[in-house]
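To start, the structure under review is shown below, and the notes come after it.
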């Protein structure tokens, strides 16, 4: 990805492998394949987003690819993430399928979606996908500290990213610290708590004081903790609003109030309960 393009949309995070990821992404989890997904991605690209996050399990990679082509934004200016469906056998074959659906020659970031079958089961295949040029960077998602350490010990290439559930109610401090020790960037999914936390009274109070929306406050909190934030929306106005997070700063008092909302006890686990 073009370095200037990565930084033009509000900043980028330098990964340990030397690649850069824009710090704000649009996620398309639970967005149906078709016009709704195409529109959301187009609106995001129009608003200056340069990072789109999808997955094989979402079933909407074709719409992401269509929106990118229709947008007119050059390919080298957009960072595309997709995720290996770990119930499949071969990350290489699945990456090739993703590239066909996306209409791309290379994935910018390819993640193991969750550690089904053990944290290291898919990793050799992920490394092969990168070696073959199918993916520029590889990483994991929903991995706890011990699982992340196991992948690093077993592999040749360490994960560049761990994408986890992270927001003020799920401030997994010990997991964030572990990722820092391993030089693994943390991407926060559900930074708005799938929309539930925009109505939190603490968040609303900070939003009033700062003259920002609650969503902007939550996303800014993530950026100030050094995270990449991946927010989902299918509403054009909210997509535009969520992009306006680079021109203000939360105070130390604001950050402390939000930090105090944590309900995980600062865990090093990625999930309270497995879904597989």
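The values are calculated or read from the model by the stated rules, or taken from the named source; none is laboratory data. Quick caveat, the model's predicted, so the values are computed rather than measured. Cβ sites come from the backbone with ideal geometry, for glycine too, and all protein chains shown count toward neighbours.
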TODO: Please work out which one of (1) touching a residue at least 24 places away in the same chain (Cβ under 8 Å); (2) over 19 Å from residue 187 (Cα atoms); (3) out of contact with any helix residue (DSSP H, G or I) (no Cβ under 6 Å at 6 or more places or on another chain) is the condition residue 139 fails and give its number.
DONE: (2)
Task: Unique match (being crowded, with 18+ Cβ neighbours inside 10 Å and modelled with pLDDT of 95 or more) among 220, 236 - done: 220
TODO: Kindly check whether there is at least one residue in the stretch 104-121 that is closer than 18 Å to residue 226 by Cβ and surrounded by fewer than 22 Cβ atoms within 10 Å (Cβ to Cβ).
DONE: no
Open item on the list: Looking only at the stretch 186-202, filter to residues that are out of contact with any helix residue (DSSP H, G or I) (no Cβ under 8 Å at 6 or more places or on another chain), more than 24 Å from residue 13 (Cβ to Cβ) and at pLDDT below 95; which one of those is surrounded by the most Cβ atoms within 10 Å (Cβ to Cβ)?
Closed with: 195
Task: Residue tally, condition under 23 Å from residue 222 (Cα atoms), touching a residue at least 40 places away in the same chain (Cβ under 8 Å) and more than 17 Å from the chain's Cα centre (by Cα), over the stretch 18-72 - done: 2
TODO: For the stretch 171-188, state whether one or more residues are more than 20 Å from the chain's Cα centre (by Cα) and on the phi > 0 side of the Ramachandran plot.
DONE: no
TODO: Name every residue in the stretch 109-133 that is in a helix (DSSP H, G or I) and in contact with a helix residue (DSSP H, G or I) (Cβ under 7 Å, 6 or more places away or on another chain), in order of residue number.
DONE: 123, 125, 126, 128, 129
Open item on the list: Looking at the structure I just gave you, is residue 205 surrounded by fewer than 17 Cβ atoms within 10 Å (Cβ to Cβ) and in a loop (DSSP other than H, G, I, E, B)?
Closed with: no
- [ ] Output yes when any residue across the stretch 3-22 is touching a helix residue (DSSP H, G or I) at 6+ places or on another chain (Cβ under 6 Å), at negative phi and buried (at least 24 other Cβ atoms within 10 Å of the Cβ), and no when none is.
- [x] yes
